[in-house]
Amino acid sequence: MSEIDPGQGLPDPPEGHGDLSLEGPGPEDLREDGIEAPAPAPDAALGPEPAAPAADAPEPALSQRLEETLSGTGPLALPADASADAELDAWLAGPAPDVDPAELHEIDLRLRERLGGG
Amino acid sequence: MLHNAAARRDTRPVAYGRELRLAREAAGGRHDAVHELDGLCDRVLGRAARRLARVPADADDLLQEAKAHLLRPAVLDAYEGRGPLAGFVRVAGMRAMMIAERSSDRRNWRDRVAFGLDGMPLGSPDDGLAAAEDRADPALVAALDRLPARARQVVVAIAVLDLSYRETAVALGMPIGTVSSTYNRALASLRRGLAEHPGAPEEVAAR
């Protein structure tokens, strides 16, 4: 599948929806999942409040170990699905609906609310 | 997409020690830890499984199969305790559901008891979907089902699991630009389904 220039549209969602870390969104996200926890503890059932990150903690980065696990031939290697990729390429190559970026943003918010249960 | 991994090596402290212990204990086969993780998977992934599958029974199969992939020591060992365990489950779980969806020999979990490590029975297959209260309306679900499979997966990853574009790209094995293009196109395609929601306070698509 070829990479396609996103062109106009929504920018990458503001970090905090899921943050940059592959190891997880913040406590607010967990509460949206119905996991009750006093901030910033992510899950009362999972234990005490975690230690607060150092004030000078580096910007959250992708977990290298998880990234490696999801790439290559590891335990979560993704089987190829050429037909699904071709279907997507054909769909993206079709005429794009004319929707204003601001409207896309509102649709995005509404979709997250409806599907995500937030 | 992944070539800068070494340069971005995660130097955050292990701030989620309790969750790291839980993952390690589950990887080691401790039953109560496996059960706790099983419940977390239900809460985090149940709704996404419902949206990826077209019928509830298939969603149940998908969720159980994904958990069979996810709750393995080789996978749990990838959790380092630098972020919430639920976040790890979202990303790795999305990948696990993709693997399950593409598996030609997908097992039918409706007709069997799910077993975890050491043959220990996990929760009933219905537990996950019971936890995933489904409030999506039929018009929106129908619009979602009309999307190409890969586009539906992108929507689920972003709108249901709340993954960033980058996390979605890694979880789905797609270039991040394609994730962005696909999500924007999907939003445009779904606006009618959103507008048809009976409880919609505003008709976005009518503008």
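Just so you know, all these numbers are worked out from the coordinates, no wet-lab data involved. Source: prediction; values computed, not measured. Note that we place each Cβ from the backbone using ideal geometry, even for glycine, and neighbour counts take in every protein chain shown.
3J(HN,Hα) along the stretch A:88-95, derived from phi through the Karplus expression 6.51 cos²θ - 1.76 cosθ + 1.60 where θ = phi - 60°, amounts to 5, 4, 5, 5, 6, 6, x, x Hz, with x in place of Gly and Pro.
Across peptide B:41-53, the mean count of Cβ atoms from other chains lying within 10 Å of each residue's own Cβ comes to 2.
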